[in-house]
Structures are given as C-alpha cells and as structure tokens.
Amino acid sequence: MQPVDNFAPRVLAWFDEHGRKNLPWQEHRTPYRVWISEIMLQQTQVTTVIPYYQKFMASFPTVEALADAEQDEVLAHWSGLGYYARARNMHKAAKMLVDELDSELPHSVEGVCELPGIGRSTAAAILSISRGVQAAILDGNVKRVLARFHAVPTWPGEKKTENAMWDLAEHYMPSERCGDYTQAMMDLGATLCTRSKPQCLLCPLEEDCQGRLTQDPTQFPIRKPKKAAKPEKSIQLLVLTNPKGQWLLEKRPSVGIWGGLWSLPELAVEESVVLHTEQRFATQVSAVTPLSLFRHTFSHYHLDISPSQIVVSDIQLVGEGDKYQWFNPDEALAQGLPAPVRRILEQLNELGMSVR
DNA sequence: AAATCGGGGAG
DNA sequence: CTCCCAGATTT
C-alpha cells in the first residue's frame with residue numbers, strides 16, 4: 001500500500017466540479033450544525049435526512065436550545081429516523097457541552113471524542129468541516145474508496161487493516177481545504193465509488209486505482225469472512241425394532257463420515273419410510289413412529305435428522321456380510337456410535353422404547 | 001437472507 | 001483490548 005503523491009489535489013479538483021455544496025448543513029457551518037448533521041448521516045441517507053434536519057434546526061437552533069429541551073421533545077423530532085440511542089447520546093452531549101464546556105465544542109479530536117455518540121471519525125468530520133482542522137475521517141465511504149484505490153487485500157474489520165487505513169486516511173488529508181476534502185471523500189464514496197456499480201470512468205482516481213486494475217473493483221473492501229454459512233443436509237434414520245426388542249445397526253464404511261462406526265440405516269428425506277424399508281429388508285412393517293426431528297451440526301455443515309422407529313417382523317440378514325446386525329439396547333449403546341445416533345437410541349431407551 | 005454502518009458496552 | 005450488538009436500509 002504505497003501512498004501516491006497527488007491524491008488530495010485530484011479529489012479536490014473533482015469536488016470543485018461535481019461535489020455537493022448546497023446541503024442544508026453546508027450553510028452556516030457551525031460546529032453544532034455540522035455535528036447534528038453528522039449524527040443523522042451516520043444512520044440515514046442524505047435525501048431522507050434533509051427534512052428531518054431542517055425541522056430539527058428550526059426547533060433547536062443552538063446547542064443551548066437542544067440542551068434545554070425535554071428528551072421527549074428531542075425524540076419526537078427523531079421519530080422515524082430510528083437508532084434512538086443516538087438521539088439520546090446527542091441530547092446528553094448537548095447538556096454536557098452547555099454545563100461543562102461553556103457551550104463550545106472542543107477543538108481537538110480527542111476532546112470531541114469525550115462526548116457520547118461521537119467517535120474518532122465523527123469528531124474528525126465535525127472539526128475538519130466546521131473549523132478546518134486537519135483530521136481525517138474513516139467512515140464507510142472512505143473505507144471503500146481507500147480499499148479500492150489500494151486493493152487492500154484484507155478485511156477492514158481486522159484491527160491491523162483498520163489501523164493501516166487510518167494511516168492512509170491521515171496521510172492523504174491535505175493541510176489546506178481540510179473541510180472540503182472531508183466532504184469530497186464522502187461525496188466520492190456516496191456518488192461514484194458506490195458499493196455496487198461504481199462509476200469508475202468518472203472517478204478522478206481511476207487511472208492509478210489498484211482496484212480498477214482487477215476485473216472487479218467491487219471485490220473491495222474485502223467482505224467480512226462469512227460465518228461459513230454452513231450448507232444444510234437432511235436425512236432420515238431408521239430405528240428398526242424386531243419382536244425381541246432389538247435394534248438393527250449398520251456398520252459404516254471405514255472411510256468417510258462416521259467411518260467404521262455402527263449407525264442406523266439411512267435414507268433420503270424424499271423417500272417413503274414404509275416402502276423403502278419393506279423393499280430394502282424384504283419385510284413387513286407393522287408400525288412406524290416418527291421421532292422428533294433435530295439438527296446435528298458438524299464443523300462444515302448442518303445435518304437435519306428425521307428419525308423414525310419401525311417395528312418389523314423378523315428380517316433375514318442374508319448376503320450382506322456383517323454389515324447389519326441386531327443388538328439388544330444395552331449392547332447397542334456399548335458400541336461406537338455417532339453422537340446423533342447415540343442420542344436417538346438413548347432417548348428411546350429411557351422411554352422404555354415405548355412406541356406410543 | 002445477508003451485509004452494512006460508527007459507536008457503545010460487555011467481557 | 002477485542003468482540004458483538006443496536007436497528008434500520010440496501011443488495
């Protein structure tokens with residue numbers, strides 16, 4: 001991630017041409033007005049925010065007005081925006097400002113971060129836009145622009161990656177026009193370097209954007225490693241029970257899942273238990289009891305198991321070698337069994353195998 | 001259905 | 001510190 005030289009000038013030149021400069025909070029750029037806009041914009045898009053912002057400013061034109069308001073009144077103005085904890089934090093911060101800081105926002109990022117609801121990025125946005133302080137933001141927009149420009153190969157949720165991106169953000173923040181630069185980066189991310197369908201051909205950073213060099217800039221930022229959305233499989237297992245109260249177990253092949261363990265005969269969920277059983281074991285089924293469905297989760301997939309207990313007349317176990325064997329319940333439970341099979345059989349055993 | 005967003009709060 | 005959540009929108 002080698003920084004380039006003329007990053008900020010290109011971004012600013014683009015901003016002068018194409019940036020948004022007539023948003024309500026861009027007029028009378030006081031720290032208070034910018035602060036409120038940034039809190040609203042944390043959670044909601046510009047077009048939605050505008051009417052809320054205007055009504056809010058009409059009712060609470062100053063930090064003193066906000067601090068004096070009842071919480072209910074503040075929340076009423078927030079109604080429809082959601083994330084009400086942020087409105088409560090903002091209200092609390094207004095009271096702190098008036099009571100302890102002479103109604104003036106601190107001039108440093110660290111100072112502003114002391115207020116509830118304001119972190120490093122929001123603090124930098126407020127101070128750079130309203131006071132020209134040279135402090136960089138790293139919100140979702142800027143993360144996306146930087147991750148693409150440098151084809152950052154790791155997930156920004158990792159601390160290491162995030163720190164590196166903060167370094168880049170600070171590095172690129174110019175010493176002049178700090179507020180315009182902050183606004184420009186937000187605009188770039190919001191209007192061109194969008195999550196899907198970025199308009200690279202209009203971008204001032206296009207020529208040396210590393211993400212653009214790959215086939216697909218939208219691969220960046222690298223997405224959060226999925227909670228390995230485990231695939232789901234379903235099977236049915238059969239507890240065949242003979243007139244002696246014995247269970248039929250099947251020896252699994254030595255390789256593969258549950259290799260070499262004694263398990264229960266298995267069939268696909270689509271198959272009919274009765275037909276399959278009568279065909280596979282050349283027997284007469286006299287009763288089928290569905291047992292409760294449950295999920296067994298492996299490291300790499302979920303297995304939904306539908307067990308059934310089936311009472312059969314005796315089965316001739318011929319031609320299958322030692323693959324199938326009848327076991328008394330206590331014998332069966334003494335064998336090496338897969339955990340879900342053990343669970344099924346233990347439950348049946350505790351119920352005295354009552355077939356209800 | 002899953003990812004996203006910036007800060008708070010829990011462990 | 002490092003995770004995980006709030007709470008709604010977007011994809």
Roughly what would the spin-label model give for A:SER103 and A:THR62, points 7 Å off Cα along C-beta, in nm? 0.3 nm
Cut-off 18 Å, label point 7 angstrom out along Cα-to-Cβ of A:ASP304: give me the residues of the stretch A:253-273 whose amide nitrogen falls inside. A:267-273
Assuming a ≥ b ≥ c are the square roots of the Cα gyration tensor eigenvalues, decide whether the stretch A:78-138 counts as rounded (a/c under 1.5), prolate (otherwise, with a/b larger than b/c) or oblate. oblate
Per 5 angstrom bin, beginning at 0 and ending with the bin that holds the maximum distance, the Cα pairs of the stretch A:250-299 fall in percents of 4, 14, 18, 24, 21, 13, 4, 0
With a Förster distance of 51 angstrom and the Cβ-Cβ distance between A:VAL4 and A:GLU271, calculated FRET efficiency to the nearest 0.05 equals 0.25
Interchain or long-range residues, amide H under 5 Å from A:VAL239's placed H: A:SER308, A:GLN309, A:ILE310
Taking only Cα atoms and a 10 Å spring cutoff, compute GNM fluctuations for chain A and point out the largest among A:TYR83, A:TYR324, A:TYR52. A:TYR324
Along the Cα→Cβ direction, 7 angstrom out, place labels at A:ASP330 and A:GLN71. What is the inter-label distance in nm? 6.5 nm
Under a no-solvent Debye model with one identical scatterer per Cα of chain A, what's log10 I(q)/I(0) at q = 0.06, 0.09, 0.12 Å⁻¹? -0.47, -0.67, -0.82
Jot down the per residue volume, in cubic angstrom and as a whole number, of the convex hull over the alpha-carbon atoms of the stretch A:7-219. 119 Å³
Starting from the Cα of A:LYS55, draw a straight line to each of the aspartates and glutamates and keep only those under 18 Å, dropping any in the same chain fewer than 8 residues away. A:GLU27, A:GLU38, A:GLU64, A:ASP68, A:GLU70, A:ASP72, A:GLU73
So for the pair A:HIS18, A:GLU346, with labels modelled 7 Å out along Cα→Cβ, what separation do we get in nm? 6.4 nm
Three principal axis lengths of the stretch A:35-100 [C-alpha, angstrom, descending]: 34, 22, 20
Mean separation of Cα contacts under 8 Å (at least 6 apart) over the residue count of the stretch A:291-338, i.e. the relative contact order in percent, is 23 percent
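Each reported figure results from applying straightforward, stated rules to the coordinates on display, with no laboratory input. This is a predicted model, so every value here is computed, not measured. Note: ideal-geometry Cβ built from the backbone for every residue, glycine included; neighbour counts use all protein chains shown.
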